[in-house]
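Take a look at the structure below.
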Amino acid sequence: MSNSTEHLVEMANDIGAYFITDKNHERARDGVRNHIERFWEPRMRRKLVEHWQRADGEGLSPLVAEAVKELAARMAAQV
């Protein structure tokens, strides 16, 4: 994993750590996904999705991996 990818994974996991406190799992997952969609640059989102696809989400927490899976599907639907 490159340093920049590692940094994106850390940032995504930090976001996940905030939202995991929500007892509603779906709302927590959607919170992570929405945050990444709203506040991350498109190239950052693409790089995170590529990492999830290529490396099977290595280093991502389970909640963040679920959010990135949904993000990937939404990005694919926009193409």
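Laboratory data are not the source of any read-out in this text; all were calculated from the coordinates shown. Small disclaimer: the values here were computed from a predicted structure and weren't measured. Glycine gets a Cβ as well: all are built from the backbone with ideal geometry, and neighbour counts include every protein chain shown.
Quick look at the numbers
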| item | result |
| --- | --- |
| Checklist (1) closer than 17 Å to M75 by Cα; (2) more than 10 Å from the chain's Cα centre (by Cα); (3) crowded, with 16+ Cβ neighbours inside 10 Å applied to F39, failing item | (3) |
| The stretch 16-36, subset over 15 Å from K69 (Cα atoms) and either of a type in the set (D, E) or not in a helix (DSSP H, G or I) (or both), residue nearest to the chain's Cα centre (by Cα) | I20 |
| Total residues in the stretch 40-78, condition free of Cβ contacts under 8 Å to residues at least 24 places away in the same chain, more than 19 Å from M1 (Cβ to Cβ) and assigned to a helix (DSSP H, G or I) | 5 |
